[in-house]
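Visitor: Questions regarding the structure given below will be posed in turn.
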Amino acid sequence: MRETANLSSFYQAMHKAINELRKLPTKTVTLIHHDDCDGLCSAAVVKAALEREGYEVKTFCLEKIYPEVIESLHKNVGKTIFYADIGSSHASFISKCNAGRNLTIILDHHDPTPATDPKVYDLNLENYGFRGESDFSGATCCYFFAKALNERNTDLSYLALVGSCEIPNGFVSLNKAVLDEAIENGDIQGEGKKIKIVKFGTSVGSFFSKLQILGPVGYYEGGPELGIKVCLEGVNDEAERKIAELEERRKKANKNLIARLYRERLKETDHIQWFDAGDMYKGMGTKVIGQFCSFLSYQRRLIKPNKYIFGIVNVPPDIPGWGRLEKTFAKASVRVPKNMQTLIDQGKMLGAVDLLIKSSEGFGIADGHQYAANVVVPTDKKVVLIKNAEKILSA
Ligand SMILES: [Mn+2]
């Protein structure tokens with residue numbers, strides 16, 4: 001019963017963090033969260049759970065862990081900071097920035113680095129023997145926190161399931177347990193892909209798709225805030241209109257980019273196929289490039305099945321709710337075509353996130369999973385990144 005043992009040490013750590021939270025006099029919490037559907041669901045779960053306990057929650061949506069942003073958030077003392085569906089990959093860096101100053105609770109499923117500050121609790125279930133690629137999402141992890149905080153919070157289970165739709169293998173392991181529980185409690189109804197959120201009367205899948213547009217595409221225009229509201233209250237007319245408008249804009253940009261790639265083809269090295277979209281997604285969150293690369297990985301007439309896909313886009317310098325970044329950045333998203341995934345699992349090829357961490361060492365902020373990852377680098381390091389990656393893969 002290895003899993004049981006791991007889960008019990010997870011809950012031990014969870015309760016330790018919650019005890020510390022309850023001991024603190026401050027009732028204000030900063031909640032940093034990711035911008036995609038899972039990030040919005042994660043934020044909604046934590047926000048609702050904390051507000052029910054009388055906390056005031058300020059949400060702050062981040063696409064990436066920008067070092068200067070993290071440094072500024074942790075330089076104060078005595079604050080309570082949550083990270084939802086983001087943060088684990090940089091738990092070491094966050095620990096360094098925090099240096100014992102603020103209670104920091106990370107609820108995430110991305111590949112973790114060790115948290116080295118005792119005030120930083122990384123409650124990622126990857127640290128307890130589960131896989132963030134298949135067994136649980138950020139929202140699932142947040143849901144476990146909500147339930148540990150107060151067992152009445154089981155009504156939020158639907159959000160764990162909506163967030164978990166980003167995991168391609170369906171609901172297994174921890175997610176399967178959440179699904180069973182949600183059905184038993186009557187919060188979710190139905191079977192397979194058609195499962196429904198009872199209180200909203202919408203399918204989990206369509207709810208996921210809408211939030212997957214609202215947060216990432218609408219990042220620079222209040223999409224995340226609206227998205228969290230939608231998570232808790234359902235999709236209203238305002239949200240419906242916004243989603244349609246954002247989707248239209250993205251579709252147009254995708255279409256232009258696909259046409260361009262058919263015309264110019266992707267650039268290639270021995271192990272990499274890549275393109276630079278520049279400002280083609282201007283105004284939209286940079287997550288869209290990852291979503292485009294995922295789509296591209298299935299376009300057999302455009303891509304080689306045996307090379308890593310790199311898609312690059314410019315990052316707007318302004319972080320909503322924070323300010324302007326010092327440098328200008330570009331983001332590279334990496335996707336791995338289907339038949340390379342088995343090779344990665346067998347250890348015969350480097351996983352996407354490992355590749356990006358190595359090839360951007362010293363100048364990039366990389367994170368993600370083994371089949372899908374991204375990195376933000378200073379604009380003038382785009383070419384260096386590709387060169388480094390090729391060098392690593394040729395070695
Ligand atoms: Mn996630």
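None of the figures in this text is laboratory data; all of them are computed from the coordinates on show. Keep in mind the model is a prediction, meaning the values are calculated, not measured. No Cβ is skipped: glycine too gets one built from the backbone with ideal geometry, and neighbour counts run over all protein chains shown.
Visitor: Sort the range 252-394 into rounded, prolate or oblate with this rule: let a ≥ b ≥ c be the square roots of the eigenvalues of the Cα gyration tensor; rounded if a/c is under 1.5, and if a/c is not under 1.5, prolate when a/b is larger than b/c, oblate otherwise.
Guide: Taking the square roots of the gyration eigenvalues as a ≥ b ≥ c, the range 252-394 is oblate.
Visitor: Among bridges DSSP assigns within the chain, what percent are antiparallel (round to 5)?
Guide: Just about 55 percent of them are antiparallel.
Visitor: What whole-number distance in Å separates the alpha-carbon centres of the range 306-335 and the range 61-86?
Guide: The distance from the Cα centre of the range 306-335 to that of the range 61-86 comes to 18 Å.
Visitor: Here's something else I'd like to know. Helices from the chain with mean Kyte-Doolittle at least -1.0 and a Cα length along the axis of 20 Å or more, per DSSP H: which?
Guide: 2-23, 37-52
Visitor: Okay, next question. What shape does the range 1-106 have by the C-alpha gyration tensor, where a ≥ b ≥ c are the square roots of the eigenvalues, rounded means a/c under 1.5, and otherwise prolate means a/b greater than b/c and oblate the rest?
Guide: rounded
Visitor: Please tell me the relative contact order of the chain in percent, rounded to the nearest whole number, where contacts are Cα pairs under 8 Å and at least six residues apart.
Guide: Reported relative contact order: 12 percent.
Visitor: Filter the GluC sites (Glu not before Pro) in the range 140-222 to those in DSSP coil with at most 15 other Cβ atoms within 10 Å of their Cβ, and list the result.
Guide: For GluC sites (Glu not before Pro) across the range 140-222 that sit outside H, G, I, E and B with at most 15 neighbouring Cβ atoms in 10 Å, the list reads 191.
Visitor: On to the next question. Chymotrypsin sites (Phe, Trp or Tyr not before Pro), restricted to the range 1-85: which are DSSP loop and have at most 10 other Cβ atoms within 10 Å?
Guide: none
Visitor: I would also like to ask the following. Too long at a 30 Å Cα-Cα cut-off: which of 96/348; 23/210; 282/307; 251/348?
Guide: 96/348; 23/210; 251/348, as the Cα separations exceed 30 Å there.
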